[in-house]
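Bear in mind these aren't lab numbers, they're just calculated from the coordinates by the rules spelled out. As the structure is a computational prediction, the values presented were derived from the model and not from experiment. Glycine also receives a Cβ, built like all others from the backbone with ideal geometry; neighbour counts cover every protein chain displayed.
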Amino acid sequence: MSWRARTSTRSSGGPDVARWTVGERREALVEAALRVMARDGLAAGTTRAVVAEAGMSLASFHYAFVSRDELLAELVRRVVGRELTAATAGMDPAAGLAGCLRAAAGGYLEHLGADPGAEQLMLELTLHAVREPALRAVAREQYRAYTDAAAALLEQAAELTGSSWNRPVGELARLLVTLVDGATTTWLVDHDTEATRRTLEAAVELLVGRYAA
């Protein structure tokens with residue numbers, strides 16, 4: 001039984017957390033942290049607020065995670081994983097390399113519109129890390145995850161379409177992260193979806209026109 005199913009089976013005292021595995025506790029805490037911080041901001045995501053959102057005790061938190069930073073790192077991986085899933089879900093080999101990347105851009109943009117709070121949280125985490133040394137390791141993990149996801153997307157698009165890149169995928173992944181980062185931040189400010197779509201399509205034209213072998 002998953003933690004989601006277990007949370008729906010409550011006694012008068014709430015979910016039977018004592019029966020949960022460590023993995024189920026981690027899952028519930030990450031989802032609770034994402035809800036709290038996407039809704040109320042990074043600073044609101046204290047361990048006490050997260051366990052309250054999850055319906056768990058503070059002891060349960062420390063049973064599942066060593067620290068809040070470990071929780072944040074797992075949250076980052078969760079958000080980036082969902083971004084990659086949204087981007088790659090609609091890629092069609094018949095559309096060619098450019099078509100696959102346009103579909104990826106559209107999938108990401110749809111995901112952004114559906115869950116802007118998560119992306120705003122990622123931006124907030126980055127900006128806080130610039131001034132707060134304690135968060136820099138989490139921010140570095142965030143951008144490693146972004147770059148790994150971008151590389152996976154570029155490799156998958158090339159493999160699906162029998163294409164290749166004329167520059168190292170790691171370099172192109174960093175370029176893609178930079179472009180998408182800027183487009184995302186701009187969308188969070190103006191919510192102009194069509195303008196952002198055109199920006200991402202221009203990024204696709206740049207990547208395919210200049211770097212596809």
Angle between the chain longest axis and helix 22-40 axis [Cα atoms, degrees, rounded to 10]: 70
Whole-angstrom gap from the range 23-65 to the range 149-213, using each part's C-alpha centre: 33
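What relative contact order, as a whole-number percentage, does the chain give when Cα pairs under 8 Å and 6 or more residues apart are counted?
Worked out over the chain, it gives 18 percent.
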Expressed in nm to one decimal, what extension gain is obtained for the pair THR46 and ALA18 from 0.36 nm per residue of sequence separation less their Cα-Cα distance? 7.9 nm
Compute the distance in nm between two label points, each set 7 Å from the Cα along the Cα-to-Cβ direction, one at ARG140 and one at ALA94. 4.7
Would you mind computing Rg(Cα) / (2.2 N^0.38 Å) for the chain, counting N as its residues? 1.13
Taking H placed 1.01 Å from N in the peptide plane, check which residues at least 5 places from TRP165 or on another chain put their amide H under 5 Å from its amide H. ALA213
Most mobile of THR46, THR147, THR184 per a Gaussian network model of the chain (Cα springs, under 10 Å)? THR46
Nearest 0.05, what FRET efficiency do ARG210 and GLU132 give at R0 = 41 Å with Cβ-Cβ as r? 0.65
Using only the alpha-carbon atoms, how far is helix 68-88 inclined from the longest principal axis of the chain? Give it as 0 to 90 degrees, nearest 10. 40
